[in-house]
Amino acid sequence: LRQQLHPELPPRDALVSSDAGLIRIKLENELRAGLGAGEMQIYLQPIADIYTRKIAGFEALVRWQHPEKGLVRPDLFIQLAEDSGLMVPLGRWIVHEACRIAQLLEQQSNKAGVAHSGAFISINVSTMQFRDPEFFDHLSLALSETGINPQRVKLEITESALTDGEAAKRWIKQCKALGVRVALDDFGTGYSSLSYLHEFDIDTLKIDQSFIRKMMTDQRSRHIVEAIIALSKKLSLEIIAEGIETQEAIDVLQALECQYIQGYIIAKPAPLSAYL
Ligand code: C2E
Ligand code: MG
Ligand code: MG
Ligand code: MG
């Protein structure tokens with residue numbers, strides 16, 4: 001019966017003995033070992049004011065410095081971490097590391113004498129981290145250990161986290177109690193519901209890069225982006241457009257009065273050393 005329901009899923013034994021299953025288990029073991037060996041690293045990508053280009057904050061993006069494979073991007077291991085239970089310890093490490101980085105950015109100005117003391121740090125929170133009952137214990141600890149202002153920490157969740165409305169409300173309430181801010185990531189890709197925006201106490205909206213790309217050629221998409229920006233203004237939400245690669249995109253977003261941008265045209269994700 002199970003086979004009929006999910007014909008694409010081989011039984012567990014077949015999965016384990018297949019090459020794909022073995023590769024997966026090997027990678028999972030490597031990830032577990034890598035986590036223990038300190039092979040994970042946080043890269044930073046700036047989020048800048050569209051008019052002044054001044055850096056308002058940084059998104060923390062995890063990388064895996066694999067001994068043989070080199071730098072592994074998160075799309076290749078986040079899902080694996082989610083499925084294998086490793087995302088919870090990895091996520092806790094990311095929270096501590098991101099706060100430590102925020103503290104360093106506050107204390108030191110870079111070679112050019114530019115300090116990023118007021119900049120926020122944005123931390124991605126995946127489904128398993130969202131469900132981690134100790135998530136806020138770790139965040140509180142990281143905040144008290146580093147002494148950074150909780151207002152400077154932003155947690156990025158996606159719309160999928162909001163489908164269980166009651167759990168989401170409790171979670172966001174805990175953020176507010178701690179004083180950290182909440183961003184809705186990849187907006188426009190999920191089952192975007194505008195009702196989310198007034199139902200949940202969200203501070204920032206991040207328009208997904210696929211939407212931004214579509215907007216450049218499709219007039220209707222541009223109208224939708226325009227409406228999202230206008231609405232977020234009315235609701236006093238901060239708005240960030242993701243994946244900005246061209247001056248053309250900046251011009252369009254400026255005309256639509258989008259406040260903040262993130263993308264390769266400003267800077268690619270880079271290690272902390274690029275900003276100290
Ligand atoms: P995201 O949170 O939406 O992050 C933005 C992604 O877009 C990043 O990919 C970033 O490098 C990429 N990006 C930024 N600007 C541009 C641009 O102009 N052009 C293009 N083509 N791409 C751009 P990255 O670092 O590979 O991360 C992919 C996804 O993996 C993230 O999407 C996020 O969902 C997840 N992720 C990354 N780091 C973490 C983390 O620390 N924790 C968790 N839970 N998830 C993470
Ligand atoms: Mg994000
Ligand atoms: Mg995003
Ligand atoms: Mg994404």
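Throughout, read-outs are computed from the coordinates displayed, never taken from laboratory work. All values derive from a computational prediction rather than experimental measurement. Counting neighbours? That spans all protein chains shown, and the Cβs are built from the backbone with ideal geometry, glycine included.
Overview of results
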| read-out | value |
| --- | --- |
| Mean Cα-pair separation over length for region 95-212, i.e. relative contact order, pairs under 8 Å, 6 or more apart, % | 22 percent |
| Candidates 183, 249, 37: whichever shows maximal mean-square fluctuation once the chain is modelled as a Gaussian network with Cα springs under 10 Å | 37 |
| Residue among 60, 144, 114 farthest towards the positive dipole end of region 57-166, charges placed on Cβ | 114 |
| DSSP bridge pairs, region 43-157: antiparallel proportion in percent, nearest 5 | 55 percent |
| Size of region 74-172 as Cα extents on the principal axes (Å, biggest first) | 44, 30, 23 |
| Ranked by how many other beta carbons lie within 10 Å on average, peptides 123-131, 82-90 from highest | 123-131, 82-90 |
| About the Cα centre, charge dipole magnitude for the chain (Lys/Arg +1, Asp/Glu -1 at Cβ), debye | 380 debye |
| Where only alpha carbons of region 63-106 are counted, the Rg and the Dmax (Å) | 12.3, 35 |
| Debye intensity ratio in log₁₀ form over the Cα atoms of the chain, taken at each q of 0.08, 0.10, 0.12 Å⁻¹ | -0.37, -0.58, -0.82 |
| Gained length - residue 247 relative to residue 198, 0.36 nm times residue gap less alpha-carbon distance | 14.4 nm |
| Expected 222 nm ellipticity per residue - DSSP helices of 4 or more, -39500 (n - 2.57), all of the chain, to 500 | -13500 deg cm²/dmol |
| Leading residue at positive end of dipole, region 130-276 (Cβ point charges), from 155, 261, 236 | 236 |
| Protection proxy ranking of 54-60, 166-172, 189-195 - average other beta-carbon atoms within 10 Å, highest first | 54-60, 166-172, 189-195 |
| 13 Å reach of a label modelled at residue 149, 7 Å along Cα-to-Cβ, counting backbone N of region 162-194 | 180-181 |
| Nitroxide proxy distance, nm - points 7 Å out along Cα→Cβ at residue 83 and residue 54 | 4.6 nm |
| Choice from 34, 188, 91 showing the highest fluctuation, given a GNM over the chain with Cα pairs closer than 10 Å | 34 |
| Over 25 Å between alpha carbons, listed pairs 206/268; 173/233; 26/206; 176/268; 173/206 | 26/206; 176/268 |
| Residue-span extension gain [residue 230 to residue 96] - 0.36 nm each, minus C-alpha spacing | 44.7 nm |
| Whole-number D in µm² s⁻¹ for region 165-206, Kirkwood Cα-pair radius fed into Stokes-Einstein, 37 °C, 0.692 mPa s | 303 µm²/s |
